[in-house]
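Notes for the one structure printed next.
The values are calculated or read from the model by the stated rules, or taken from the named source; none is laboratory data. Model, not experiment: these values are computed from the prediction. As a convention, Cβ positions derive from the backbone with ideal geometry for all residues, glycine included, and neighbour counts pool all protein chains shown. Protein only, heavy atoms only, side chains kept; ligands, DNA and RNA dropped before computing areas. Shrake-Rupley method; radii C 1.70, N 1.55, O 1.52, S 1.80 Å.
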Amino acid sequence: MSADDKVVVVFRAAGGAPILNQSKVKVSTDSRFSKLVLFLRKQLKTETVFVYLKEAFSPCLDDDIALLAQVYGVDGKGSRELHVSYALQPAWG
């Protein structure tokens, strides 16, 4: 993936968290995972959000989106997708 590429991030509510109006966003592959967490905090209007990949673990905030998408992403319609689950209280692992 080059720095100009985008990854489609699909957000999935867990543990009774509200469903986002915008559940899919495109993020530049040169972004960090912290960008997704900040987006969720803003959308959910909360300071605390628990974020998971594979419904099992929370990546480090400084992890690269490109690497996460390469390792944990799935092939979507014409692009790579990264499925991110979120909750307002601990849900997994």
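Strictly over 20 Å apart at the Cα level, which of Lys6/Lys45; Lys35/Lys77; Lys24/Lys45; Lys6/Lys77 would you flag in this model? Could the numbers behind the result be given before it?
On the way: Lys6/Lys45 25 Å; Lys35/Lys77 23 Å; Lys24/Lys45 18 Å; Lys6/Lys77 13 Å.
Beyond 20 Å: Lys6/Lys45; Lys35/Lys77.
At q = 0.15, 0.17, 0.26 Å⁻¹, what log₁₀ I(q)/I(0) does the stretch 6-87 have when each alpha carbon counts as one equal point scatterer in the Debye sum?
Debye output, listed in q order: -0.46, -0.60, -1.46.
In whole angstrom, how far apart do the alpha carbon centroids of the stretch 1-53 and the stretch 58-86 sit?
10
Using the Cα centre of the stretch 6-87 as the reference point, and only Cβ charges (+1 on K/R, -1 on D/E), how large is the resulting charge dipole? Debye, rounded to the nearest 20.
Details: 12 positive and 8 negative charges, 71 e Å.
Roughly 340 debye, rounded to the nearest 20.
When ligands, DNA and RNA are left out and all protein chains stay put, how many square angstrom of accessible area per residue does the stretch 2-54 have with a 1.4 Å probe? Intermediate values should be presented prior to the final figure.
On the way: 3200 Å² over 53 residues.
About 60 Å² of surface per residue is accessible.
When the chain is fully extended, how far beyond the present Cα-Cα distance does Thr48 get from Arg12, taking 0.36 nm per residue of separation? Each step should come with its number before you reach the end.
On the way: separation 36, 0.36 × 36 = 12.96 nm, distance 1.63 nm.
Stretched out fully, the Thr48 to Arg12 stretch lengthens by 11.3 nm.
Report the one residue of Gly76, Leu88, Val9 whose Cα lies farthest in the direction of the positive end of the charge dipole of the chain (charges on C-beta: Lys and Arg +1, Asp and Glu -1; origin at the Cα centre).
Leu88
Roll a 1.4 angstrom probe over the protein heavy atoms and tell me the percent of accessible area of the stretch 6-87 that is carbon or sulfur.
Working: 2310 of 4690 Å².
C and S fraction of accessible area: 49 percent.
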